[in-house]
Structure formats: structure tokens, C-alpha cells
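Colleague: Dumping the structure here so I can ask a few things about it.
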Amino acid sequence: MSDALTRLLAARDWLMADGATGTNLFNMGLSSGDAPEIWNVERPDSIRSLYRAAVQAGSDIFLTNSFGGNASRMKLHGAQDRVMELNRLAASLGREIADAAGRSVVVAGSMGPTGEIFEPMGTMTHSVAVEMFHEQAEGLKAGGADVLWVETMSAPEEFRAAAEAAQLARMPWCGTMSFDTAGRTMMGVTSAAMVGMVEKLPNPPIAFGANCGVGASDLLRTILGFAAHGSERPLIAKGNAGIPKYHEGHIHYDGTPELMAEYAVLARDAGVRIIGGCCGTMPEHLKAMRAALESRPRGPRPTLESISALLGGFSSASDGTGDDAGAGRRERRGRRG
């Protein structure tokens, strides 16, 4: 493979991805309920600033402002006919920033879920989902994205549809799911099931893993689940910067830069090759993560005990794969840092 991400992975032990898109854009003035993708047209300098901040903080990979850029999501804003335009601009603005970075930086075309439930519980069909993701992928490709980045998926059907779309677009891709319900995705996928699904795909991703969820501790427990099932494929970890809390009418994530630095080192020591942040992760978090990854020596694979001691307890008693897979008991302790 000659794609930019594969070349970087071949040259480096770990790569740093970016942080939050939504949190950063809200801080720039995006209103709740508005489509961030419209800013690719209306406020391109803000999107350039978003991308540039990640690069300046040390990110080797940043995601485009296109998470909800499929026809199903854009229909909520009357913009379903603008999918190609908005995704092309999301990637082309990113290409501009990456090419000016003075080093190798990967532009990853973000593709989030459609928001629809698949048959037989819902009405979304495989073919329609593939068509939607393919349209988005072609827009990102036209704008110069290096790789497609399928993220925050819950349903295996949707993950497979996005994979097929990447194949149709002839684009390399990565994929992450969100494990937020007692160690499972909202649709019941476990870490073990995801490994099995990924390895059976006709066009498996360059790398796979977990993003978002309910906190850094839980995400790393899921990562250990991936590692336990023996996949040789590079792993991705993009955990939230702590836990969201309401404060003076706004959502605030309680994870400090120091906590995210601990998370980044633990992720690396767990075998993760691509390490980033998700909701709440700001440039100051990324700078601390990069500094820790570069300065602290590699340690042994972390245990569940060491993860909870450094990052706080888990949100459920189980990672979703054991005898107590349905347990929902919270064990959240005070968080250090």
C-alpha cells in the first residue's frame, strides 16, 4: 500500500490523532442543533483554524469537519443535495492545512453514522446506506482526503456498509465504534465481536478501534479486549477528555491535560498505534499527550487495576464479554490529575 497513513505507520511506533471537532467548534460559536458541515462554506477560516490547531498541537492525523455529512443527517438541515460539496470542502480545507504543515500529516475524511436504524428493527437498508456513504466518500476523495475515517458506529450493519462504500470509492479506510453500554456498543457489539467482524471484511481497514464512549478508562478496557483477541491490525484509541458535566448551562468535560497525558501513555503501552482524543479534547490536551508520548519510556501492558488507579474507575462491572456482561453497576471514583 502506498497511502499516506500506511507509510507513516511503517515509519513510526505510534501516531497522534486529533481531538474534538464539536467541542472546539462550539467554542468558536457553533450553535447547538446547527450542522457543523455548513461552516465548511460559511466559515472556512474557522475550519482552517480547527485543523491548524490540531497540527500545531502535534497531531499526525486530523479528521475533517464532515462527521454528519451523509444525506440522511444533512436532510435534517435541508442540505441533502449538498453532500458532495460539503464533504469536498471539508477535505480540501484540510488538504490546504496539511500541505502547509512542513511534515507528513494525514487528512482523514470523517464519516459518522446515518442516525437511522437498520432493518428489520428499522427502515434503513444495506444498499441505501452504502449509497449514502459512497456519495460522502467520493466527496471526501475529491477534496483530497488521504484516508476515510469511519467513526462512532454502533451497528455492525452500518460499519459493513461504510466499509463497502470505501471499497467502491477505492479509498483506504479506518474504522472505530463507540462502546458506551456496559462494554458494548448501543447495538450490542462487544470488543471480541468487532475483531471478528473486521477480520472477515473483504476490504478490512488499515486500523480499527474505539472512540468516544463514556470515558478514557472504559475505552482502554475495550482496547485490552481487542488486544486479547489477537488481531495484528493497528489499533486506534480516541477517548473522551473525561466525563461530561453540566456547568452554568454548558457541557464541560472534566478531563485535564494531565489526565489525558496519562491516558495517551497507557494507550501506547496497551499496544495502540494511533492515539487521539474525542469529545472535550482541546489543543492543550493534545499538547500534553504529545509531550508525554515523546518523553516517557514505554512500559508494560497496563492492567485494569492500573488503568482505574490512574484514570478513575469503570462505568460498569464488565467489559461486555464475560458472565456479568449485562452489569451496569457504576464504579466511578475520583479522577486524578
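Colleague: Just a yes or no: is a residue in region 198-211 outside any strand (DSSP E or B), modelled with pLDDT under 95 and either closer than 22 Å to residue 261 by Cβ or open to solvent by less than 10 Å² (accessible area, probe 1.4 Å) (or both)?
Modeller: No, every residue in region 198-211 fails to be outside any strand (DSSP E or B), modelled with pLDDT under 95 and either closer than 22 Å to residue 261 by Cβ or open to solvent by less than 10 Å² (accessible area, probe 1.4 Å) (or both).
Colleague: Then there's this: Suppose we filter 237, 216 for residues that are open to solvent by less than 10 Å² (accessible area, probe 1.4 Å) and without any contact (Cβ under 8 Å) to a residue 60 or more places away in the chain; which single one remains? Reasoning before the result, please.
Modeller: Working: 216 fails: without any contact (Cβ under 8 Å) to a residue 60 or more places away in the chain.
Checking each option against the conditions leaves just 237.
Colleague: To continue, here is another question. Residues being farther than 27 Å from residue 160 by Cβ and part of a helix (DSSP H, G or I): count how many of those fall in region 86-120. Can you show your working first?
Modeller: Here is the first cut: in region 86-120, the ones farther than 27 Å from residue 160 by Cβ are 89, 92-93, 95-105.
Filter once more, keeping what is part of a helix (DSSP H, G or I): 89, 92-93, 95-99.
Final tally of qualifying residues: 8.
Colleague: Among the residues of region 163-186, which ones are under 20 Å from residue 278 (Cα atoms) and either aliphatic (A, V, I, L, M) or over 18 Å from the mean Cα position of the chain (by Cα) (or both)?
Modeller: Taking region 163-186 first, the residues under 20 Å from residue 278 (Cα atoms) are 173-186.
Matches in region 163-186: 177, 182, 186.
Colleague: Report, ordered by the first and then the second residue, all pairs with beta carbons closer than 7 Å, sequence separation of six or more or different chains, a first member in region 303-316 that is surrounded by fewer than 24 Cβ atoms within 10 Å (Cβ to Cβ), and a second member that is of a type in the set (Ser, Thr, Tyr).
Modeller: The qualifying pairs are 308/217; 313/217.
Residue-wise test of (1) out of contact with any helix residue (DSSP H, G or I) (no Cβ under 7 Å at 6 or more places or on another chain); (2) of a type in the set (Lys, Arg); (3) surrounded by 15 or more Cβ atoms within 10 Å (Cβ to Cβ).
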site	(1), (2), (3)
9	yes, no, yes
19	no, no, yes
27	yes, no, no
32	yes, no, no
47	no, no, yes
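Colleague: Considering only residues that are modelled with pLDDT of 95 or more and either of a type in the set (Ser, Thr, Tyr) or closer than 22 Å to residue 82 by Cα (or both), which ones fall in region 9-24?
Modeller: Within region 9-24, the first condition is being modelled with pLDDT of 95 or more, and the residues that meet it are 9-21.
Scanning region 9-24 gives a single hit, 21.
Colleague: Just wondering, is there one or more residues in region 179-196 that are modelled with pLDDT under 95, among the β-branched types (Val, Ile, Thr) and either open to solvent by 10 Å² or more (accessible area, probe 1.4 Å) or more than 24 Å from residue 8 (Cα to Cα) (or both)?
Modeller: Yes, region 179-196 contains at least one residue that is modelled with pLDDT under 95, among the β-branched types (Val, Ile, Thr) and either open to solvent by 10 Å² or more (accessible area, probe 1.4 Å) or more than 24 Å from residue 8 (Cα to Cα) (or both).
Colleague: Tell me whether region 267-287 contains one or more residues that are open to solvent by 30 Å² or more (accessible area, probe 1.4 Å), under 30 Å from residue 160 (Cβ atoms), at pLDDT below 95 and in contact with a Lys or Arg (Cβ under 9 Å, 6 or more places away or on another chain).
Modeller: No; the residues of region 267-287 include none that is open to solvent by 30 Å² or more (accessible area, probe 1.4 Å), under 30 Å from residue 160 (Cβ atoms), at pLDDT below 95 and in contact with a Lys or Arg (Cβ under 9 Å, 6 or more places away or on another chain).
Colleague: Would you confirm whether or not region 95-108 contains a residue that is more than 28 Å from residue 49 (Cα to Cα), among the small types (Gly, Ala, Ser) and within 17 Å of the chain's Cα centre (by Cα)? Give the derivation first.
Modeller: Within region 95-108, the subset more than 28 Å from residue 49 (Cα to Cα) is none.
No, that holds for no residue.
Colleague: Of all residues in region 93-126, count the ones that are open to solvent by 40 Å² or more (accessible area, probe 1.4 Å), in contact with a helix residue (DSSP H, G or I) (Cβ under 8 Å, 6 or more places away or on another chain) and under 21 Å from residue 39 (Cβ atoms).
Modeller: Number satisfying all stated conditions: 2.
Colleague: Could you tell me whether region 127-138 includes any residue that is in a loop (DSSP other than H, G, I, E, B), modelled with pLDDT of 95 or more and open to solvent by 10 Å² or more (accessible area, probe 1.4 Å)?
Modeller: Taking region 127-138 as the starting set, the residues that turn out to be in a loop (DSSP other than H, G, I, E, B) are none.
No: region 127-138 contains no residue that is in a loop (DSSP other than H, G, I, E, B), modelled with pLDDT of 95 or more and open to solvent by 10 Å² or more (accessible area, probe 1.4 Å).
The values are calculated or read from the model by the stated rules, or taken from the named source; none is laboratory data. In this text the structure is predicted, and so the values were computed from the model without any measurement. Cβ: placed from backbone, ideal geometry, glycine included. Neighbour counts: every protein chain shown. Each accessible area value is taken on the protein alone, full model and side chains, heavy atoms only, with ligands, DNA and RNA left out. Shrake-Rupley method; radii C 1.70, N 1.55, O 1.52, S 1.80 Å.
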